[in-house]
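Here's the structure, in structure tokens; my notes come after.
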Amino acid sequence: MFEEQQISSGLSVIHCADGIAVATLGPVCVVLWRGAVVAWRFELQRKGLAETVRLHPGKAVLLCVIEPTAAPPNAEFRRASADMLIGHGEDLRCVCSVIEAQGFRASVIRSVLAGMSHLVGRKELRKAFVANMDDAIEFLKPDVSPATLRRLAPAIAELRTTLAPAAEPFIVAQD
């Protein structure tokens, strides 16, 4: 479906430029957010998750790594994100968001994501908001194989080095 590029960690990179990276490692769809949520970036995330679910139905996992430079989504993209997660039903096992911002930025992003989580409504969909990759890996243990988990943090570290800085500054989304 996508032209993917393998990097040395084994991560299959779907897109890595312009403030967003979308990649897969087995059943894990990794989305590294460095820029603001805008339509074309959201579409890359949606397509990456859809492909992961297609290849790993019932076992797919979404891992969003939200860097400090990323702005939270506005109301339109909060609803679209919830709809995206709902649309995959039981084929999506869990969602984990790593919020790397500190202080006020982290609070804003965490509040926005918590609101989106309530829109999803699926109690059986495990969801977590964590501050670092170690906590994300701990959360993912019930759903992801140990071999994949061992490769995940180094793969994301490698992915970060290939993603250029986002062109836009941090902006709190306006509704």
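The values are calculated or read from the model by the stated rules, or taken from the named source; none is laboratory data. None of the values given here were measured: they were computed from a predicted structure. Note that we place each Cβ from the backbone using ideal geometry, even for glycine, and neighbour counts take in every protein chain shown. Please note that ligands, DNA and RNA were not included when accessible areas were found on the heavy atoms of the full protein model with its side chains. Shrake-Rupley method; radii C 1.70, N 1.55, O 1.52, S 1.80 Å.
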Legend entry - Cα radius of gyration and Dmax for the range 15-103 (Å): 12.3, 38
Inset, instruction - Report the label-to-label distance for Gln5 and Val38 in nanometres (one decimal), using points 7 Å from each Cα along the Cα→Cβ vector. - result: 2.1
Legend entry - Largest to smallest accessible area among Asp91, Asp18 [probe 1.4 Å]: Asp18, Asp91
